Amino acid sequence: MLLISCPNCGSRDETEFHYGGQAHVAYPENPNELNDREWAEFLFYRDNTKGAFAERWLHSTGCRQWFNMLRDTVTYEIQAVYAMGTPRPAAAPPAAESGTASTAPDSTTTGTAGPSIAATSTATGTASPSTTAPEGATK
Amino acid sequence: MADLLPEHPDFLWRNPEPKSSYDAVIVGGGGHGLATAYFLAKNHGMTNIAVLEKGWLAGGNMARNTTIIRSNYLWDESAAIYEHALKLWEILPEELEYDFLFSQRGVMNLAHTLGDVRESMRRVGANKLNGVDAEWLDPKQVKELCPILNINDNIRYPVMGATYQPRAGIAKHDHVAWAFARKCDELGVDIIQNCEVTGFLKDGNRVVGVKTNQGTINTEKVGLCAAGHSSVLAEMAGFRLPIQSHPLQALVSELHEPVHPTVVMSNHVHVYVSQAHKGELVMGAGVDSYNGYGQRGSFHVIEHQMAAAVELFPIFARAHVLRTWGGIVDTTLDASPIVGITPVENMFVNCGWGTGGFKGTPAAGLTFAHTIATGTPHHLNKPFALERFETGALIDEHGAAAVAH
């Protein structure tokens, strides 16, 4: 069970969340100009990284907001939680096997603060994660 | 059931040092890799080949699956390849001279909703048209075939019927791998364990060799059979695959007297159960939702699966979970495999079997060997080419795959 730090609600069990796959996949800017190969890339091809992976999660039984997370797909260590629409933070160096528990920064245990961004994020407060739509669906 | 298992075998294959070059190299020494090497040697006379395995032989998904074999898939393309696999399973013990206890005890796929019932009946019809044995059972017939199943109306998802394939069943997965490995070895194939591929040598867009932790091996052809790690290898070779790797968990109970005469799968409540020859109850779940290479998943998936199992089989309430484990399954968005050529010349890929690769082992080996040897797909794997994601000719088997993902 992952322990995930929702930016709005604080640490909650993985069972409260839905997985949204790879983050930062933008809808094509000029869809009419895409050929079949490029459409295939957009529709069916996603990174399948072994290591630090930027992915989207939805806190479906809590605040019902989407957010991004940087997680190691081998150790399952959560390295950063950051708002939709903000750039991916730098990946931490690969950690040793350390179990499935989350070690993500947890600065929102009261659950009352507004969008709280992990320390590693480069967000400057311009993003509004509570209204940002998912950037595309993978499943 | 409770059959006497074969004696633990003697060493069945050599452990040679890798040669400096081979006619073909198969990456991945699981069931699919070994079956591919076997058919390359047997059907195509390619015996100067090697199977490279980064760990120990058949220690990945081949050791972690729930050993279910069936062919009741919906679409013509799938029915053709899985039914061919089933027919091979029926003759392989004799051909490989190794009784790996293929037990055709039948497989039931339960229906719990009206939608399930309609989809299942449609699939039975499609199976019959494709020459796959299939029948629809009402709850009473389900109970007759598997008396320990709870068909009462008072559970959350009552059993409304099931599809049944009598020729389906289970086999001893490790013995299957050993059977293929021994025959490969007899035919001259080098099986090289603890040999991890770290890169590929290319001449332009043509692969000419494999870099490993045991040195560089030159080869004319490379076949990838690495399941959950296919994307990692493809990235090394310079192309992408439409694959997502997820943890998939399974578990066994302690040994019990034979109580479960068949195999029961439920797509809707996410559990599938059989009883192994020795007596363990073997159960699998749905995939963990997130991408993962950790060969383990989250415990709530096991809890969910146990809840479903106990509701369907009240007799299991006092059984104990003895051991749980996870494998890494390579899922595609249409729940069908990818077997064919790649954008890199002389490199071929067999992956995307996802949650159901074990049953496909013989057909994967047969068709992939044909593809590698001739450079063109066998008629059975032609529809499963990588290009289907561009043409849109997807083969959607989410209904028949039976494991939610």
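The values are calculated or read from the model by the stated rules, or taken from the named source; none is laboratory data. What you see is a predicted model; the values in this text were computed from it and never measured. Cβ: placed from backbone, ideal geometry, glycine included. Neighbour counts: every protein chain shown. Accessible surface is based on the protein model in full, side chains and every heavy atom, while ligands, DNA and RNA are left aside. Shrake-Rupley method; radii C 1.70, N 1.55, O 1.52, S 1.80 Å.
Between B:31, B:238, B:354, the Gaussian network model of chain B with springs among Cα atoms under 10 angstrom shows the greatest mean-square fluctuation at B:238. The trypsin sites (Lys or Arg not before Pro) found in the range B:113-195 that occupy coil by DSSP, while having at most 10 further C-beta atoms within 10 Å, are B:156.
Principal semi-axes of the equivalent ellipsoid, √(5λ) from the alpha carbon gyration tensor of the range B:241-312, are 25, 13, 11 Å from largest down. Taking K and R as +1 and D and E as -1, what net charge do the other residues with C-beta under 15 Å from the C-beta of residue B:309 add up to? Charge balance in the 15 Å sphere: -2.
Backbone geometry of the range B:85-95 corresponds, through the Karplus equation with coefficients 6.51, -1.76 and 1.60 at θ = phi - 60°, to 3J(HN,Hα) couplings of 4, 4, 5, 5, 3, 5, 10, 5, x, 6, 4 Hz, x marking Gly and Pro.
Of the solvent-accessible surface of the protein assembly as shown, computed with a 1.4 Å probe and all protein chains present, 53% belongs to carbon and sulfur.
Look at the alpha carbon pairs under 8 Å that are at least 6 residues apart: their mean separation over the length of the range B:204-256 gives a relative contact order of 20 percent.
Quick check: the angle from helix B:114-129's long axis to the longest principal axis of chain B, C-alpha only, nearest 10 degrees? Around 60 degrees separate the two axes. Close amide H pairs (under 5 Å, H built 1.01 Å from N) link residue B:329 with B:246, B:248, residues at least 5 positions away or on another chain.
Kindly express, to the nearest 10 degrees and within the range 0 to 90, the angle between helix B:31-44's C-alpha long axis and the longest C-alpha principal axis of chain B. The angle comes out at about 60 degrees.
With viscosity set to 1.002 mPa s and temperature to 20 °C, compute the Stokes-Einstein D of chain B, Rh being the Kirkwood radius across alpha carbon pairs; µm²/s, no decimals. Mind dumping the intermediate values first?
Details: Rh = 21.3 Å.
Estimated via Stokes-Einstein, D reaches 100 µm²/s.
Loop-located GluC sites (Glu not before Pro) across the range A:1-94 with a Cβ neighbour count of 10 or fewer within 10 Å are A:29, with loop assigned by DSSP. Output the pairs from B:42/B:87; B:87/B:382; B:128/B:172; B:128/B:278; B:183/B:221 with a Cα-Cα distance over 24 Å in this structure; if there are none, say none. B:128/B:172; B:128/B:278, as the Cα separations exceed 24 Å there. Farthest toward the positive end of the dipole of the range B:231-308, out of B:231, B:253, B:276, is the Cα of B:231, where the dipole comes from beta carbon charges about the Cα centre.
Note: relative contact order over the range B:214-350, using C-alpha pairs below 8 Å and six or more positions apart, is 35 percent.
Within the same chain, lysines fewer than 8 places from residue A:50 are excluded, and of the rest, those with a Cα less than 22 Å from its Cα are A:139, B:54, B:211.
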